[in-house]
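Visitor: What follows is a single structure, and I will ask about it in a moment.
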There are 2 protein chains.
Amino acid sequence: MTSRRISTPLKIGGVAVGAGAPIAVQSMTKTDTRDIAATINQIKELEDCGCEIVRVAVPDKEAAEGISAIRKSISLPLIADIHFDYRLALAALQAGADGLRLNPGNIHDKAQIARIAGAAKERGIPIRIGVNAGSLPPNFEPDAPLVSRMVDMVLEEIGFLESLDFNLIKVSLKAFDVPTTIQAYQLIADKIPYPLHLGITEAGLPRAGAIRSAVGIGILLYQGIGDTIRVSLTTHPCEEVFVAYEILKSLGLRQRGPTLVSCPSCGRAEVDVISLAESVNKHLQKVTKPIKVAVMGCVVNGPGEAKDADIGIACGKGKGAIFRKGKVVGMVSEENFLEALMAEIDSLFRS
Amino acid sequence: MTSRRISTPLKIGGVAVGAGAPIAVQSMTKTDTRDIAATINQIKELEDCGCEIVRVAVPDKEAAEGISAIRKSISLPLIADIHFDYRLALAALQAGADGLRLNPGNIHDKAQIARIAGAAKERGIPIRIGVNAGSLPPNFEPDAPLVSRMVDMVLEEIGFLESLDFNLIKVSLKAFDVPTTIQAYQLIADKIPYPLHLGITEAGLPRAGAIRSAVGIGILLYQGIGDTIRVSLTTHPCEEVFVAYEILKSLGLRQRGPTLVSCPSCGRAEVDVISLAESVNKHLQKVTKPIKVAVMGCVVNGPGEAKDADIGIACGKGKGAIFRKGKVVGMVSEENFLEALMAEIDSLFRS
């Protein structure tokens with residue numbers, strides 16, 4: 001794994017981003033931002049499921065002004081997502097947004113961008129330059145390859161912000177296509193010092209979209225690229241947060257909640273591994289501390305993998321060996337597998 | 001994306017593996033192999049969902065002999081998964097297995113391995129040397145790092161097979177830990193010419209295991225490594241096949257069935273994007289031809305992404321624009337979104 005690219009430090013509200021800070025997990029509300037109660041409620045759900053920075057759409061003045069009331073009721077840093085109308089950025093800043101996301105594909109006027117940057121600088125508020133492959137202006141380098149157009153659009157916007165002495169900058173270059181996204185981030189990573197926010201845009205429903213996001217974001221993180229991530233899925237935003245943490249956990253970059261090691265089951269298994277793993281997983285749902293639990297169906301990899309876990313079971317015919325931190329702590333009969341495993345987990349948390 | 005590592009060619013039954021052949025999707029039955037009817041039934045399900053090579057556990061003589069009857073009723077190449085007892089490998093070959101998987105961690109005796117290799121060579125049957133981090137013999141290089149132990153175990157086994165003039169070899173080095181797995185494959189890829197079978201072992205239940213598998217397998221594929229893949233999930237094996245294809249599709253390495261581009265929805269959406277995307281997805285379930293369908297909730301990225309799709313809809317307030325191969329083919333009102341989109345998809349298949 002490539003060592004992490006060290007970017008310039010930023011603060012989004014109280015959350016450090018860049019310069020080696022833990023990779024922050026973001027999501028976005030799917031409520032109508034003008035429905036303040038519903039938006040606050042969803043942000044609280046996001047906070048509970050581990051989201052660290054939340055973004056809200058700001059399609060009009062009422063939504064921008066609503067940020068003031070929303071922010072008073074939540075503890076996550078709040079980013080205002082702005083398209084088309086620079087006045088919405090100014091109103092969001094006035095309402096107390098902790099960050100702005102601007103899409104340079106649809107706010108073109110330099111004087112307008114300068115007004116936003118001036119107001120953001122005054123308040124020390126970072127701006128994410130968020131380019132999407134789907135919203136590049138058609139007349140911007142129309143004959144260049146898509147990746148170059150994305151990168152050049154970011155560089156042009158950065159150049160202008162820097163000319164205004166504004167450098168509280170974060171950058172994203174999202175596309176649905178994974179190789180396009182990876183190439184765009186790789187190119188920009190070498191050209192600018194700012195933190196990068198990763199995502200695969202419009203990745204779809206969770207079953208396929210989680211996989212697409214894991215491949216794209218995972219490859220970039222493995223290359224040391226990325227300071228914050230958002231998984232975009234067509235579902236409740238807490239699933240985005242779950243997927244984000246699973247990507248980070250799989251590369252050892254963050255820890256959160258249980259990790260279940262379980263064998264796929266095969267014709268060798270003498271117990272119903274799938275049901276047992278599902279039951280164990282259900283019991284682990286409320287655990288937020290990192291713990292590695294192994295459910296193994298036979299002796300082939302069972303003891304080996306189970307030993308590596310905090311708690312594990314390697315099942316044989318009618319009975320199983322319970323492991324704890326590498327040591328067998330008991331043999332249990334099949335009807336007690338779940339109970340014995342959960343008792344060990346509970347005692348681990350008590351110790 | 002790194003260009004693909006070119007490995008030596010193999011044939012597993014009728015399926016070409018290595019030497020630039022399409023990356024083959026494998027899975028494994030979870031039935032008791034001795035239950036021939038259930039095993040045949042699950043293999044037929046796997047064939048229907050796109051599996052290209054299937055493996056069955058061979059825990060005893062009855063299972064090995066069952067391969068003969070199973071193979072007569074299926075059309076997928078069948079690999080026998082062997083641990084501990086070399087006689088089961090010989091029996092599986094005799095019963096007509098198209099490939100063997102041997103775990104060098106638990107068949108140590110050189111004379112036994114030589115007997116297997118001799119019988120496999122006689123029939124032209126490939127052997128996968130399948131090392132798992134969880135089943136390395138404790139006395140094999142006990143003080144070396146895990147990755148070196150995995151790689152050295154493979155190299156030792158290959159050296160012995162080559163000394164017998166046996167080279168119908170495929171290799172896997174699976175671990176639950178993603179960076180360990182990646183490092184092991186990277187090391188072996190430079191040292192041997194044989195095809196590599198990728199997987200993250202014991203990846204767990206599908207929600208988290210698909211993500212872990214996508215990160216690990218995706219990173220290796222992006223580096224040009226991998227000739228066949230198997231996603232190991234604690235669930236029905238067809239979900240393993242689905243995840244495998246989604247990983248391959250996200251990197252443009254294979255195409256199969258629909259790809260749904262859909263926005264995550266946000267406070268800007270004026271229609272229920274999540275429900276619409278779910279309905280469209282449900283209608284697309286039976287499609288196996290590659291088709292890219294976009295469901296976008298607003299005008300920000302909507303038209304841009306929808307234009308890139310075979311068929312797309314960019315929704316606005318109460319109405320939406322239907323795109324086909326980059327051209328607007330109609331405006332529809334909200335109550336007709338699904339019907340209009342499906343009609344366009346059907347007409348695309350007719351054309």
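The values are calculated or read from the model by the stated rules, or taken from the named source; none is laboratory data. Remember, it's a predicted structure, so these values are computed and weren't measured experimentally. Every residue, glycine among them, receives a Cβ derived from its backbone with ideal geometry; neighbour counts consider all protein chains shown. These accessible areas exclude ligands, DNA and RNA; they are computed on the full protein's heavy atoms, side chains included. Shrake-Rupley method; radii C 1.70, N 1.55, O 1.52, S 1.80 Å.
Visitor: How large is the dipole of region B:258-350 about the Cα centre if only Lys and Arg carry +1 and Asp and Glu carry -1, each at its Cβ, rounded to the nearest 20 debye?
Guide: Numbers: 12 positive and 11 negative charges, 69 e Å.
In debye, rounded to 20, region B:258-350 gives about 340.
Visitor: Follow-up. Can you list the copy-to-copy distances for residue B:289, using a point 7 angstrom from Cα toward Cβ, in nanometres, shortest first?
Guide: 5.6
Visitor: Sticking with this one: Expressed as cubic angstrom per residue, what is the convex hull volume of the alpha carbon set of region B:258-350? Working shown, then result.
Guide: Numbers: hull volume 7.2 nm³, N = 93.
So the per-residue Cα hull volume is 78 Å³.
Visitor: How far is it, in nm, from the label point at residue A:143 to the one at residue B:87 when both lie 7 Å from their Cα along the line to the Cβ?
Guide: Distance between the two pseudo-spin positions: 7.6 nm.
Visitor: In the neighborhood of residue B:207, defined by Cβ-to-Cβ distances under 10 Å, what is the net charge if each Lys or Arg adds +1 and each Asp or Glu adds -1? Could the numbers behind the result be given before it?
Guide: Details: positive: A:207; negative: A:239, A:246.
Combined, the nearby Lys, Arg, Asp and Glu give -1.
Visitor: What is the magnitude of the charge dipole of region A:1-152 about its Cα centre, with +1 placed on the Cβ of each Lys and Arg, -1 on the Cβ of each Asp and Glu, and no other charges, expressed in debye to the nearest 20? Numbers along the way, then the final one.
Guide: Numbers: 18 positive and 17 negative charges, 92 e Å.
Once rounded to the nearest 20, the dipole reads 440 debye.
Visitor: Note the distances from residue A:112 to each other copy's matching label point, with points 7 Å along the Cα-to-beta-carbon direction, in nm, sorted shortest first.
Guide: For residue A:112, the other copies' label points sit at 7.4 nm, shortest first.
Visitor: Tell me, what is the 1.4 Å probe accessible area of residue B:58, in Å² to the nearest 10?
Guide: Roll a 1.4 Å probe over it and residue B:58 shows about 0 Å².
Visitor: Chain B: which residue's Cβ hugs the B-to-A rotation axis most tightly, distance rounded to whole Å?
Guide: Output: B:214, 2.
Visitor: Could you give P(r) for region B:10-250, binned at 5 Å from zero, as whole percent values over all Cα-Cα pairs?
Guide: All Cα pairs, binned at 5 Å, distribute as 1, 7, 15, 19, 21, 19, 12, 5, 1, 0 percent.
Visitor: Treating the point 7 Å from Cα along Cα-beta-carbon as the label, what are the nm separations from residue B:346 to the other copies, to one decimal?
Guide: Taking the point 7 Å beyond Cα along Cα→Cβ, the inter-copy spacings are 5.7 nm.
Visitor: Now a separate question. Where the only charges are on Cβ atoms (+1 Lys, Arg; -1 Asp, Glu), what is the dipole of the protein assembly as shown about its Cα centre, to the nearest 20 debye?
Guide: Values: 78 positive and 78 negative charges, 93 e Å.
Computed about the Cα centre, the dipole is about 440 debye.
Visitor: Of A:106, A:336, A:132, which has the largest mean-square fluctuation in a 10 Å C-alpha GNM of chain A?
Guide: Of A:106, A:336, A:132, the Gaussian network model singles out A:336 as fluctuating most.
Visitor: Just read off the accessible area of residue A:325 with the full protein assembly in place, 1.4 Å probe, to the nearest 10 Å².
Guide: We get 130 Å² for residue A:325.
Visitor: Could you compute Rg(Cα) / (2.2 N^0.38 Å) for region A:178-302, with N its residue count?
Guide: On the way: Rg = 17.2 Å, N = 125, 2.2 N^0.38 = 13.8 Å.
Against the compact-globule rule of thumb, the ratio is 1.25.
Visitor: List, by residue number, every residue in region B:185-219 with a reduction of 50 Å² or greater in accessible area between the chain on its own and the complete protein assembly, 1.4 Å probe.
Guide: So the qualifying set is B:202, B:205, B:207, B:211, B:212, B:215, B:219.
Visitor: Please figure out what share of the DSSP beta bridges in chain B is antiparallel and state it in percent, rounded to the nearest 5. Please list the in-between numbers first.
Guide: Values: 14 of 49 bridges.
Rounded to the nearest five, the antiparallel share is 30 percent.
Visitor: Would you tell me the accessible area of residue A:85, worked out with a 1.4 angstrom probe on the heavy atoms of the protein chains, in Å² to the nearest 10?
Guide: 40 Å²
Visitor: For chain A, what does the helix formula give at 222 nm: sum of -39500 (n - 2.57) over DSSP H segments with n ≥ 4, over the residue count, nearest 500 deg cm²/dmol? Could the numbers behind the result be given before it?
Guide: Details: 11 runs with 142 residues, N = 351.
Mean residue ellipticity at 222 nm (helix-derived): -13000 deg cm²/dmol.
Visitor: Quick one: if you take sqrt(5λ) for each eigenvalue of the C-alpha gyration tensor of the protein assembly as shown, what semi-axes come out, biggest first, whole angstrom? If you can, show how the numbers build up before the last one.
Guide: Details: eigenvalues 438, 149, 113 Å².
Equivalent ellipsoid of the protein assembly as shown: 47, 27, 24 Å, largest first.
Visitor: Counting only chymotrypsin sites (Phe, Trp or Tyr not before Pro) that sit in a DSSP loop (anything but H, G, I, E, B) with at most 16 other Cβ atoms within 10 Å, what is the longest stretch of chain A containing none of them? Walk me through the numbers on the way to the answer.
Guide: Details: sites that count: A:84, A:140.
Free of exposed loop sites, the longest segment is A:141-351.
Visitor: Same structure again: Considering the dipole of region A:258-350 built from charges on the beta carbon (Lys and Arg +1, Asp and Glu -1) around the Cα centre, which of A:264, A:337, A:294 is farthest to its positive end?
Guide: Looking along the dipole axis, the top candidate is A:294.
Visitor: A follow-up question, please. Under a Cβ-Cβ limit of 4.7 Å, which cysteines in chain A have nobody to pair with?
Guide: A:51, A:263, A:266, A:298, A:315
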